[in-house]
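For reference, the structure discussed in these notes is given below.
The values are calculated or read from the model by the stated rules, or taken from the named source; none is laboratory data. Nothing here was measured: the structure is a model prediction, and the numbers come from that model. Cβ sites come from the backbone with ideal geometry, for glycine too, and all protein chains shown count toward neighbours.
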């Protein structure tokens, strides 16, 4: 941050850093969870029935390092030109898989954060949509030539602690907002059960 950003640019930078950090944390939790139980992670991917079993297992194996590398990129700010389109493609694939199974009426474990046994629902799509919005935000800032500083630059900056406080507050607000959005999505399993006669 050699040049002092304007107030508007500073606001966008804080918002972008919060979105980037949130993406990094989500991919970190997801990747490490899968790493602890790769067989379970592979079975969860197979359960979606989008790919043939062998291809699904291969995809699950590649997904672990991919998510960990994405996490490292988002948390440090390095290689954003590669991580942003990769994350967009990956999240689009997740939305496609979840949406396809919801249309089929299948209530399978999400596996969104590794060995997560929570069944997929419209809430899952809402959470994925929030992540896609974060990717769009960070990508838009890059295209608008408002570069986001890397993690080491933020830490060494005199404004580092102030950045950290603002980023934490925005991420906390985002967490509350995501929980609220998730709460307004109906739980398909409950609706299906209550709508069945007898």
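State all residues of the range 126-172 that are modelled with pLDDT of 85 or more, out of contact with any helix residue (DSSP H, G or I) (no Cβ under 6 Å at 6 or more places or on another chain) and crowded, with 16+ Cβ neighbours inside 10 Å; if no residue qualifies, say none.
Listed by number, the list holds a single entry, 127.
Out of the residues in the range 73-102 meeting the condition of being modelled with pLDDT of 95 or more and farther than 19 Å from residue 130 by Cβ, tell me which one is surrounded by the fewest Cβ atoms within 10 Å (Cβ to Cβ).
Checking each candidate, the answer is 100.
Go through the range 30-60 and count every residue that is over 18 Å from residue 98 (Cα atoms) and surrounded by fewer than 15 Cβ atoms within 10 Å (Cβ to Cβ).
The number of residues fulfilling the criteria is 6.
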